[in-house]
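Written below as structure tokens is the structure these notes are about.
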Amino acid sequence: IGTEFNFNTKLGTKLSLNASGDLSQTTLATPQSGERSLVSLNGRLNLDYAATPRDRIQFSYTAWGGQLTGQGQTGSAANASLAWRHTLTPRLSTLVSYADPFATVKGKSITTTPTVYQEQVYSQRNRTLIVGLTWTLGAAK
């Protein structure tokens, strides 16, 4: 059972915002732990700034709620990224993307059975810088 939402708007002439997500309730029945339910909220926020006609700066933040597993559940987690795109020609652009600039990828996993209770907490140091070229196939606009 759940519901989705999506919101798009312009914040002036150069900045746009997109927010989307879902709220859901999941039920899982297993022989070991019986029936369990979990309410989870997942979402994504994107900001797109047109700095110049040829340059775009984008910020993205994604968060996901816990999920049921056969022997427990996972906790919520989140991740952010920043990107800059510069258009060289109508078909060719440069791209610089930096994933997880704020070291926000953290999470928790819980195992619960009649004989075992275990919590695992993790923090990924997964900062990644990508520099590349993007070539658009098809007709140039």
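The values are calculated or read from the model by the stated rules, or taken from the named source; none is laboratory data. Since we're looking at a predicted model, the values are computed, not measured. Every residue, glycine among them, receives a Cβ derived from its backbone with ideal geometry; neighbour counts consider all protein chains shown. All accessible areas refer to the heavy atoms of the entire protein, side chains included, with ligands and DNA or RNA removed. Shrake-Rupley method; radii C 1.70, N 1.55, O 1.52, S 1.80 Å.
Sequence gap at least 6, Cα distance under 8 Å: using those rules, report the relative contact order of the chain to the nearest whole percent.
Relative contact order, the chain: 16 percent.
At 1.4 Å probe size, with the rest of the protein present, what percent of the exposed accessible area of the chain is carbon and sulfur atoms?
59
Calculated from the structure, Cα extents along the principal axes in Å equals which of (1) 57, 46, 22; (2) 62, 32, 30; (3) 43, 36, 29?
Comparing each candidate, only (2) matches the computed number.
Taking the Cα centre as origin and putting +1 on Lys and Arg beta-carbons and -1 on Asp and Glu beta-carbons, what dipole magnitude results for region 21-120, to the nearest 20 debye?
Here region 21-120 has a charge dipole of around 320 debye.
HN-Hα J couplings of region 2-10 from phi, Karplus 6.51/-1.76/1.60, θ = phi - 60°, integer Hz, Gly and Pro as x?
Couplings: x, 9, 10, 9, 8, 9, 10, 7, 9 Hz.
Which shape class, rounded, prolate or oblate, goes with region 84-141 when its Cα gyration tensor gives a ≥ b ≥ c as root eigenvalues, a/c under 1.5 marks rounded, and past that a/b bigger than b/c marks prolate?
It is prolate, given that a/c is not under 1.5 and a/b is the larger ratio.
For region 23-30, just list the computed ³J(HN,Hα) in residue order, Karplus coefficients 6.51, -1.76 and 1.60, θ = phi - 60°, integers in Hz, with x standing in for Gly and Pro.
Each residue's phi maps through the Karplus curve to give 10, 9, 10, 10, 10, 9, 10, 10 Hz.
Tell me the per residue accessible area of region 95-136 using a 1.4 Å probe; a whole number in Å² is fine.
About 75 Å² of surface per residue is accessible.
Using R₀ = 22 Å, calculate the FRET efficiency as 1/(1 + (r/R₀)^6) where r is the Cβ-Cβ separation of THR112 and PHE5; round to 0.05.
Using R0 = 22 Å, I get an efficiency of 0.10.
Summing Lys, Arg as +1 and Asp, Glu as -1, what charge do residues with Cβ under 13 Å from the Cβ of LEU47 carry, LEU47 excluded?
+3
Excluding ligands and nucleic acids, what accessible area in Å² is computed for VAL116 using a 1.4 Å probe, to the nearest 10?
60
At 1.4 Å probe size, with no ligands or nucleic acids counted, give the accessible surface of PHE102 in Å², nearest ten.
120
In square angstrom, rounded to the nearest 10, how much accessible surface does ARG54 have for a 1.4 Å probe?
110
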